[in-house]
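Working notes, structure below.
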Ligand code: SAH
Ligand code: SF4
């Protein structure tokens, strides 16, 4: 067992539901909330811009620090609204510096957010839904029934909260410096690879990405935001046109028969349709490639014949291939491929011209790796219910 440092983090000041939080809202919503607070029409634009800078450039967590906003308005805003982030239930820091936060939303639902630091970059993996309606057989999240879509504020809130915790605001310090990248910005990339199928929460995820990418705010460029989908084919070109982030496809199999089993949405939109949608992805070029994710399942999809079929399948698409060692979870019906087999598979992929494709598992000791996300509190509540039913 690898040791885990567990910490109980600060909890948000106000109890959920008392005052609405403005943290994570877009410009239109902020405008609306300011108008509700009595800010005159002619001032709205200027006030939204002020708030925007405080929220998304400086990471303000209180109205008091907003020195260019009149005291009276600050007091008024503070009485109506908060700047709370989702509440942290637990924070775990892996020996490799990976951090996982279990977050409780205003209605008591939980989601997880994971931060993966590397030498020269830091990737934040965020959730788009509580649970997931799809049932990919190798995915832990898929075993949890869908509770609901996240709001844009809850999606952006995950970025704000992570930046709070790792001290990624101007002049801030991290609570725990373990493994942080050396550059000035600690979160350089965002991936929608946490809980949920982001294309099933399309409009909201699109809005959240626009807030994150805003050059006068969080400034995480769309080239550094990657949406991962299991293959909701009709939404793929639309996502490219309307949001234009980088795209990752959870492929995992090269034959429909097997993909039908692993990623059941394949029965609706099979591999050929999926790849057609990929070829039509707006802006696709050698400089802007699609990432194909391929989870390595022992004796299921990891043969050399599969590797050859994979490179053949993707031959005409500007692509990157990410081989993901399967991350086990309790009761999972698969095993991770042997390391030698992953290497043999990778060699075929490498020879076809794809560079360093194996994604090293991060944060396994804290169940923060891909597909391991499933909030313990939900499981706990389920067992409580079971207990009640038995009593
Ligand atoms: N629903 C979206 C995004 C979230 S899943 C999607 O499926 O793409 C993010 C990635 O983790 C996907 O590629 C998914 O297939 C992969 N994944 C899920 N469970 C995994 C596991 N147990 N081990 C390794 N990767 C897993
Ligand atoms: Fe949902 Fe993605 Fe997991 Fe499939 S792999 S169940 S789409 S979160």
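The values are calculated or read from the model by the stated rules, or taken from the named source; none is laboratory data. Here the structure is a predicted model, which means the values were calculated and not measured. In this analysis, Cβ positions are derived from the backbone assuming ideal geometry, glycine residues included, and neighbour counts consider all displayed protein chains.
Residue by residue, here is whether (1) in a helix (DSSP H, G or I); (2) touching a residue at least 40 places away in the same chain (Cβ under 8 Å) holds:
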| residue | (1), (2) |
| --- | --- |
| 112 | no, yes |
| 120 | no, yes |
| 134 | no, yes |
| 153 | yes, yes |
| 160 | yes, yes |
| 163 | yes, yes |
| 173 | no, no |
### Query
In the stretch 262-276, what count of residues is obtained for those that are part of a loop (DSSP other than H, G, I, E, B) and either within 11 Å of ligand 2 (Cβ to nearest atom) or in contact (Cβ under 8 Å) with a residue 40 or more places away in the chain (or both)?
1
### Query
(1) more than 16 Å from ligand 2 (Cβ to nearest atom); (2) within 22 Å of residue 188 (Cβ to Cβ); (3) in contact with a helix residue (DSSP H, G or I) (Cβ under 8 Å, 6 or more places away or on another chain): which one isn't true of residue 78, the others all being true?
(2)
### Task
Of the numbered conditions (1) more than 16 Å from ligand 2 (Cβ to nearest atom); (2) within 27 Å of residue 184 (Cβ to Cβ), residue 158 fails exactly one; give the number of that condition.
(1)
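Only one of 171, 167, 217, 142 is on the phi > 0 side of the Ramachandran plot and crowded, with 16+ Cβ neighbours inside 10 Å. Can you tell me which?
Details: 171 fails: crowded, with 16+ Cβ neighbours inside 10 Å; 217 fails: on the phi > 0 side of the Ramachandran plot; 142 fails: on the phi > 0 side of the Ramachandran plot.
Selected residue: 167, the only one of 171, 167, 217, 142 that is on the phi > 0 side of the Ramachandran plot and crowded, with 16+ Cβ neighbours inside 10 Å.
Collect the residues in the stretch 54-77 that are in a helix (DSSP H, G or I) and surrounded by 15 or more Cβ atoms within 10 Å (Cβ to Cβ), keeping them in residue-number order. So that I can check it myself, show each step before the final result.
Residues of the stretch 54-77 in a helix (DSSP H, G or I): 54-56, 63-65, 71-77.
54, 55, 56, 63, 73, 74, 76, 77 - these are the residues of the stretch 54-77 that are in a helix (DSSP H, G or I) and surrounded by 15 or more Cβ atoms within 10 Å (Cβ to Cβ).
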### Summary
Scanning the stretch 331-353 residue by residue, the ones that are part of a helix (DSSP H, G or I) and within 16 Å of ligand 2 (Cβ to nearest atom) total 0
### Message
Out of the residues in the stretch 187-197 meeting the condition of being crowded, with 24+ Cβ neighbours inside 10 Å and more than 9 Å from ligand 2 (Cβ to nearest atom), tell me which one is nearest to the chain's Cα centre (by Cα).
### Response
192
### Residues of the stretch 234-257 that turn out to be in contact with a helix residue (DSSP H, G or I) (Cβ under 9 Å, 6 or more places away or on another chain), under 17 Å from residue 301 (Cβ atoms) and free of Cβ contacts under 8 Å to residues at least 60 places away in the same chain, as a count
6
### Complete set of residues in the stretch 280-309 that are at pLDDT below 95 and assigned to a helix (DSSP H, G or I)
none
### Query
So which of 264, 270, 282 ends up being more than 15 Å from ligand 1 (Cβ to nearest atom), more than 26 Å from residue 225 (Cβ to Cβ) and either out of contact with any helix residue (DSSP H, G or I) (no Cβ under 8 Å at 6 or more places or on another chain) or assigned by TED's automatic domain parsing to the domain that holds residue 354 (or both)?
270
### Summary
Those residues of the stretch 220-233 which are surrounded by fewer than 21 Cβ atoms within 10 Å (Cβ to Cβ), in contact (Cβ under 8 Å) with a residue 60 or more places away in the chain and within 11 Å of ligand 1 (Cβ to nearest atom) amount to 226
### Message
Residues to consider are 244, 215; find the one that is assigned by TED's automatic domain parsing to the domain that holds residue 143 and either over 17 Å from the mean Cα position of the chain (by Cα) or within 12 Å of ligand 1 (Cβ to nearest atom) (or both).
### Response
215
### Task
Pick out the one residue from 126, 88 that is in contact (Cβ under 8 Å) with a residue 40 or more places away in the chain and closer than 22 Å to residue 359 by Cα.
126
### Task
Would you point out which residue out of 147, 130, 111 is within 16 Å of ligand 1 (Cβ to nearest atom), more than 16 Å from residue 88 (Cα to Cα) and out of contact with any helix residue (DSSP H, G or I) (no Cβ under 7 Å at 6 or more places or on another chain)?
147
